[in-house]
Structure formats: structure tokens, C-alpha cells
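A.B. asks: I have a structure here, written as C-alpha cells, and I will follow up with some questions on it.
The values are calculated or read from the model by the stated rules, or taken from the named source; none is laboratory data. Just so it is clear, the structure is predicted and the values come from calculations on it, not from any experiment. With ideal geometry, Cβ positions are generated from the backbone for all residues, glycine too; neighbour counts draw on all protein chains shown. Ligands, DNA and RNA are excluded from the accessible area calculation, which covers all protein heavy atoms including side chains. Shrake-Rupley method; radii C 1.70, N 1.55, O 1.52, S 1.80 Å.
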Amino acid sequence: MKIVFLGTTGVQHSLIAAHIYLGQLGSEDFRSLEYFCDLSKESSGFPIFIGDDARGNQVYSLGVGKDLQMGQKTIENLLTILGFSSQDLMLRPVSIKAERLLACLGKIPRYLGGTKINLFFSIIILRQELAAIKENVEQFCN
């Protein structure tokens, strides 16, 4: 089975949630996570493979844009059309209060220092939202 943590971006809160799920988040220094705030990876539109869980499930992070519920519904409907079941793919949306602000940070142009600004403020915001991200993962595990 594949487990996909969905967020407005795939390189911020959903990425952190996937690492929490796998027990790979050792500290609040998110910069050590591969692809954290990597806007080129985000713009590819592909799910980001994070790793395998203890049961052999593949865990991914995926950004679906500003309408998280619509993104989830679209993927679920596509799975139905293609004949897949919840045994093949499990979606877990990760929603936090500052998700739209995080998405806006990613739109700051590089020539204006967007990469550094995005990284700096994303770390601050996500440290404040870490309890909510952990709660999302705990609800999924139960």
C-alpha cells in the first residue's frame, strides 16, 4: 500500500507529517529533512517518496495546492475510476492554520531572496504548528 500525506505544499507540513509518521523527526531543525522547502521539487508536481514504514507501506508527501479538500477528492475519484481501492492508496490530508501563508512564501521570487525568506519563515511557522501536525499524524495512526 502507498500512504500519501497531502498538504497545500509537499515540501513543508505534509513532508514533516510523513517524517513524523515514520519516526524520522528527531528535532525541530527541519532543514535536515531532505527536500524541506525545496521549491524546485514542489514545482515538479510529483509525490515525494519519504520511505517505507514498518509494515512495508511506501510513504509519500504531496502538495495539492490551496484547496486541500478538492485535491483529496480529485485523487479519490481518480482512484475509483481506475479501479483502485483504499487497500492500494491511503490519503491523509494534513491541515494547519498557516498553510496558506506557507504557500504564499513559496511564491516570492528568487531574485528577491525568496528561497531564503521562504526557508526562514517556514521554519518559524512550522515550529509553532508542530503540535497540530503531530495531532494530524496521531489521528491517522488511530
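A.B. asks: Are there any pairs with C-beta distances below 7 angstrom linking a residue in the stretch 120-137 that is free of Cβ contacts under 8 Å to residues at least 60 places away in the same chain and assigned to a helix (DSSP H, G or I) to a residue that is surrounded by 12 or more Cβ atoms within 10 Å (Cβ to Cβ) and not β-branched (Val, Ile, Thr), with the two at least 6 apart or on different chains, and if so which?
C.D. replies: PHE121/LEU105; ILE125/ALA98; ILE125/LEU101; ILE125/LEU102
A.B. asks: Can you tell me which residue in the stretch 1-51 is nearest to the chain's Cα centre (by Cα), limited to those that are open to solvent by less than 50 Å² (accessible area, probe 1.4 Å) and free of Cβ contacts under 8 Å to residues at least 24 places away in the same chain?
C.D. replies: Only one residue fits best here, namely LEU33.
A.B. asks: With the requirement that a residue be among the charged types (D, E, K, R) and surrounded by 15 or more Cβ atoms within 10 Å (Cβ to Cβ), what does the stretch 88-133 give you?
C.D. replies: Of everything in the stretch 88-133, those that are among the charged types (D, E, K, R) and surrounded by 15 or more Cβ atoms within 10 Å (Cβ to Cβ) turn out to be ARG92, GLU99, GLU129.
A.B. asks: With the requirement that a residue be at positive phi and free of Cβ contacts under 8 Å to residues at least 12 places away in the same chain, what does the stretch 52-94 give you?
C.D. replies: Residues satisfying the conditions are GLY56, GLY83.
A.B. asks: Would you mind stating whether GLY71 is of a type in the set (Gly, Ala, Ser) and either loosely packed, with under 13 Cβ neighbours inside 10 Å or under 16 Å from ASP38 (Cα atoms) (or both)?
C.D. replies: Considered against the rule, which asks whether it is of a type in the set (Gly, Ala, Ser) and either loosely packed, with under 13 Cβ neighbours inside 10 Å or under 16 Å from ASP38 (Cα atoms) (or both), GLY71 comes out as no.
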